[in-house]
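First up is the structure itself, then whatever we jot down about it.
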Amino acid sequence: MRFGLKTATLATALTATLMLTGCGTISTMAKLESGAGAEASRMWDRWVEGNGDIAIATTWERKVAKGVTPNDIEQILKQVATERNMKDVGTLPLSKELEARTGQKQKLLTVYSFCTPTTARRMVDFSPHMAAYLPCRVTVVEKEDGLWLYTLNMDMMVKMGRKLPSPLKEEANAVRDTIWEMMERASKGEI
């Protein structure tokens, strides 16, 4: 009899917890951008394919075509930023810094940072936690098979969260499109 009472109590507590969690989930889902579930599913798939590596799930990557040089990549990133009215806010040449510290040649690792200040301010006003994602970055990484580009999955930012008010939604999408264009053009060497 005691076993049955413990089991029934545990089952009741578990059911209540699931119902409360479900209500919160349903309430939150109503506040999300259209397509949030599909984007979450894509991220989940990438997380599983990446053996639990959260960075794989939350980033975009592009292999750079043969013949495209680091200088080409830098020129293209900065050109797209200028064309799309995004500010170049800095370059962090990590491999050069490591070479200076060690005296040994390093594989290329350079971080390029870009920002649209008014959009950044509005995004942080909307959600202060977004400050952790500033500025937008594109990183060039030299691997055994050549150069690669990496950046934050901007679809996660504009499609998975709470509904963004206008004009922030349009501005955030413009930033997303700019980063996408940077990755596409730089990976192909399209000056």
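Bear in mind these aren't lab numbers, they're just calculated from the coordinates by the rules spelled out. The structure presented is a predicted model; accordingly, all values stated were derived computationally and were not measured. Methodologically, a virtual Cβ is constructed for each residue, glycine included, from the backbone with ideal geometry; neighbour enumeration extends over all protein chains shown.
Values computed for the structure shown
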{"read-out": "nm² value of the averaged projected area, convex hull over the Cα atoms of the range 137-178", "value": "3.5"}
{"read-out": "Under 19 Å from the Cα of Lys188 - lysines, other chains or at least 8 residues apart", "value": "Lys63, Lys66, Lys78, Lys143"}
{"read-out": "Whole-percent pair-distance distribution, where bins are 10 Å wide, for the alpha carbons of the range 102-156", "value": "20, 39, 24, 14, 2"}
{"read-out": "Rg/Rg_globular for the range 28-80, with Rg_globular taken as 2.2 N^0.38 Å and Rg from C-alpha atoms", "value": "1.65"}
{"read-out": "Amide hydrogen neighbours beyond the local backbone of Val89, cut-off 5 Å, H modeled", "value": "Ser113, Phe114, Cys115"}
{"read-out": "Equivalent ellipsoid dimensions for the range 42-137 as semi-axes, Å, which come from the Cα gyration tensor, largest first", "value": "25, 22, 16"}
{"read-out": "Nearest-20 debye value, the chain charge dipole, Cβ charges on Lys, Arg, Asp, Glu", "value": "580"}
{"read-out": "Distance in nm between pseudo-label sites at Lys188 and Thr82 (7 Å out along the Cβ direction from Cα)", "value": "2.1"}
{"read-out": "Neighbour-limited loop hits for GluC sites (Glu not before Pro), the range 69-157 (at most 12 other Cβ within 10 Å; DSSP other than H, G, I, E, B)", "value": "Glu144"}
{"read-out": "The chain: radius of gyration over Cα atoms, expressed as a fraction of 2.2 N^0.38 Å", "value": "1.35"}
